[in-house]
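These notes are about the structure you will find just below.
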Amino acid sequence: MEGRRSGLVHESSSSQVTGVGKFTELGRLRASADSKDTEKQKNKTHLQVLLKEVATFMGAVGFMVAAIVAYVVWIRYSTSRY
């Protein structure tokens, strides 16, 4: 392997920072999207609020059922080996 070159070149460069954070194009775009999201949240209908509550409840119940099943399987596995 001696004599092989890696092909890396050591050079230097410079750049000029013209804006950071919310003053960049990406920051402005994100601020615009965030303001639209807050407008959407203010204009939620009663049905959307209820659906979100139901979905949250179903997620919690599903998580509890999964935890109980995992516990039962773990107990059965640990007791059946001995």
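Quick one: which of TYR77, TYR71 is surrounded by 10 or more Cβ atoms within 10 Å (Cβ to Cβ) and assigned to a helix (DSSP H, G or I)?
Among TYR77, TYR71, only TYR71 is surrounded by 10 or more Cβ atoms within 10 Å (Cβ to Cβ) and assigned to a helix (DSSP H, G or I).
Step by step: first the residues of the range 22-42, then only those that are at pLDDT 80 or above and polar (S, T, N, Q), then the one that is surrounded by the fewest Cβ atoms within 10 Å (Cβ to Cβ). Which residue is that? The selected residue is SER32.
The values are calculated or read from the model by the stated rules, or taken from the named source; none is laboratory data. Since the structure is predicted, the reported quantities are computational estimates derived from the model, not experimental observations. Note that we place each Cβ from the backbone using ideal geometry, even for glycine, and neighbour counts take in every protein chain shown.
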